[in-house]
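Q: This is the structure, below, for whatever I ask next.
The values are calculated or read from the model by the stated rules, or taken from the named source; none is laboratory data. If you're wondering where the values come from, they're calculated on a predicted model, not measured in any experiment. In this analysis, Cβ positions are derived from the backbone assuming ideal geometry, glycine residues included, and neighbour counts consider all displayed protein chains.
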Amino acid sequence: MVRSEEAEAWFAAVYEAVQEIPRGKVTSYGHIATLLDCPERPRQVGVSLKHLPSSERSDLAFHEGNVPWQRVINAKGIISPRASGASRQAAALRREGVEVGRGSLGEFTVDFSRYGWFPSVLPSEAAEEASSSEGEDGDDQGDRGLEGRDTQDSQIARDSALANPRGGGDGRGGRRTRSRREGHRQ
């Protein structure tokens, strides 16, 4: 499939963000979009993951073998229904230790309060911010990474993200570094 440069940059940004979701955790399409400063694009996150090349194409930078696509579900905590893909995604999550239940209509569900991952910024960006602040003012905040942040603010952000897994809520979810924004913002 031929893609524009902007589309390629968007797909790559989605894949990079999804690579940061820890094993045994899940997040929503909307939260990935919010982390990429495009909260209006959760469906495009889904499209990107739908077009993720198979592991057989390991010559590519991104493929099913290095992008944990199974860790992204819808904002209701439900694995989006589609052909046999939902059962395949449920099985992949179970292999990671995620409990996957069944809803009243037979849909696969995951408990966000237990397995949800909703940081206000991507860990890679938090590390970049910490290292750049260390270089700017000469203190050692960058060496401590996330531990150097105010724990009360972090707890508020986590609580807000769990209450609103679609993203936003705390007003900080849209901070992006320039390098991640350049290719996919209009």
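Q: Return a yes/no flag: does segment 39-47 have any residue that is farther than 20 Å from residue 98 by Cβ, touching a Pro at 6+ places or on another chain (Cβ under 6 Å) and either without any contact (Cβ under 8 Å) to a residue 12 or more places away in the chain or not in a loop (DSSP other than H, G, I, E, B) (or both).
A: No; the residues of segment 39-47 include none that is farther than 20 Å from residue 98 by Cβ, touching a Pro at 6+ places or on another chain (Cβ under 6 Å) and either without any contact (Cβ under 8 Å) to a residue 12 or more places away in the chain or not in a loop (DSSP other than H, G, I, E, B) (or both).
Q: Helices (runs of 4 or more DSSP H) wholly in segment 66-138 with at least 1 residues that are at pLDDT 95 or above and aromatic (Phe, Trp, Tyr) - which ones?
A: The helices (runs of 4 or more DSSP H) meeting that bar are 112-115.
Q: Let me ask something additional. Kindly provide the set of residues from segment 19-42 that are touching a strand residue (DSSP E or B) at 6+ places or on another chain (Cβ under 8 Å) and buried (at least 23 other Cβ atoms within 10 Å of the Cβ), ordered by number.
A: If the condition is that a residue be touching a strand residue (DSSP E or B) at 6+ places or on another chain (Cβ under 8 Å) and buried (at least 23 other Cβ atoms within 10 Å of the Cβ), then 26, 27, 28, 29, 32 are the ones that fit.
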